[in-house]
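Student: Below: one structure in structure tokens.
The values are calculated or read from the model by the stated rules, or taken from the named source; none is laboratory data. Quick caveat: nothing in here was measured; it's all calculated off a predicted structure. Reconstructed Cβ throughout: ideal geometry from the backbone, glycine too, with neighbour counts over all protein chains shown. The protein model used for the area step is the full one, side chains on, heavy atoms only, and it has no ligands, DNA or RNA in it. Shrake-Rupley method; radii C 1.70, N 1.55, O 1.52, S 1.80 Å.
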Amino acid sequence: MSLTKEEIHMMLYHLNDEQIIKVYNYILLLQREKHAASSMKADHQQRSPKQ
């Protein structure tokens with residue numbers, strides 16, 4: 001599913017403060033997971049013997 005910035009803005013515009021906080025926390029969680037996954041991948045690549 002792909003949304004435009006305008007569509008996302010309109011969705012967020014209708015949220016109350018509590019809902020916006022939940023969205024913000026979810027985005028942070030996704031960023032941490034992505035960072036952790038990329039860190040694990042980089043760590044694994046560093047440990048793998050190069051051929």
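Student: Put a dot 7 Å past each Cα toward the Cβ at LEU12 and HIS35; how far apart are the dots in nm?
Tutor: The two pseudo-label positions are separated by 1.9 nm.
Student: Once Lys and Arg get +1 and Asp and Glu get -1 on their Cβ, which of MET40, LEU3, ASN16 lies farthest toward the positive end of the dipole of region 1-41?
Tutor: The Cα lying farthest towards the positive end belongs to MET40.
Student: Of HIS9, HIS14, which has the most accessible area and how do the rest follow, probe 1.4 Å?
Tutor: HIS14, HIS9
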